[in-house]
Amino acid sequence: MRIVSGLYKGRVLCEFKGKDVRPTSDMVRESLFNILQGKIAGKTFLDLFCGTGAVGIEALSRGANKVTFNDLSKDSIALTKKNLEKVGAENYALSLSDGVGFLSSTSEQFDYVFIDPPYSSDLGKKCLQVVAGALNQGGVAIYESEKPFDQDVDGLILTDRRKYGRAHLTFFVKK
């Protein structure tokens, strides 16, 4: 797993052994940030269910002003911190919390929220129900799932859908 572009381009990140954690692939991250090309610089970004931190580190690499990394797993937060230190990143925050709880209780507002829960859970759908409250006006929520997502979500407008292998990305803008 490597950083695709930007300040930390080519840096290799540490990963979990085994298959308990499914990081967003290099191809999906590259495609995601190609879609967001030129829109990340100077913005705030939340990597919810951060796992290894790869998506948020990619955002920092491409000029995000600040990235918050959140995960319920202490191991994920520890590995994310290790990866952030490995690339020499600054302007980040780490949060140990469940995704729904974080979104429901944070006073921060984000320009981008990347929601990538375990595929076998319903946490992504639950997070989508509350994410609008954590988005700046015009903010974007990106939901990665294994199956296409085509439900209406209060406070959000579905703007785009993409498929990359088994990963589906669904983009929403705050109303």
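Please indicate, with yes or no, whether at least one residue in the stretch 19-38 is modelled with pLDDT of 95 or more and among the acidic types (Asp, Glu). No.
Scoring Val55 on the criteria (1) more than 16 Å from Thr24 (Cβ to Cβ); (2) in a helix (DSSP H, G or I); (3) among the aliphatic types (A, V, I, L, M) leaves a single failure, condition (1).
When every residue of the stretch 111-123 is checked against the conditions, at least one turns out to be touching an Asp or Glu at 6+ places or on another chain (Cβ under 6 Å), charged (D, E, K, R) and either within 22 Å of Val67 (Cα to Cα) or in contact (Cβ under 8 Å) with a residue 24 or more places away in the chain (or both).
For the stretch 159-170, the set of residues classified as surrounded by fewer than 16 Cβ atoms within 10 Å (Cβ to Cβ) and of a type outside the set (D, E, K, R) consists of Thr159, Gly165, listed by residue number.
Among the residues in the stretch 48-67, are any of a type in the set (D, E, K, R) and surrounded by fewer than 23 Cβ atoms within 10 Å (Cβ to Cβ)? Checked against the condition, which is being of a type in the set (D, E, K, R) and surrounded by fewer than 23 Cβ atoms within 10 Å (Cβ to Cβ), the stretch 48-67 yields at least one hit.
Apart from one condition, Ser107 fits all of (1) surrounded by 15 or more Cβ atoms within 10 Å (Cβ to Cβ); (2) modelled with pLDDT of 95 or more; the exception is (1).
The values are calculated or read from the model by the stated rules, or taken from the named source; none is laboratory data. What you are looking at is a predicted structure, and each value in this text was computed from that prediction instead of being measured. Neighbour counts run over all protein chains shown; Cβ positions are idealised from the backbone, glycine included.
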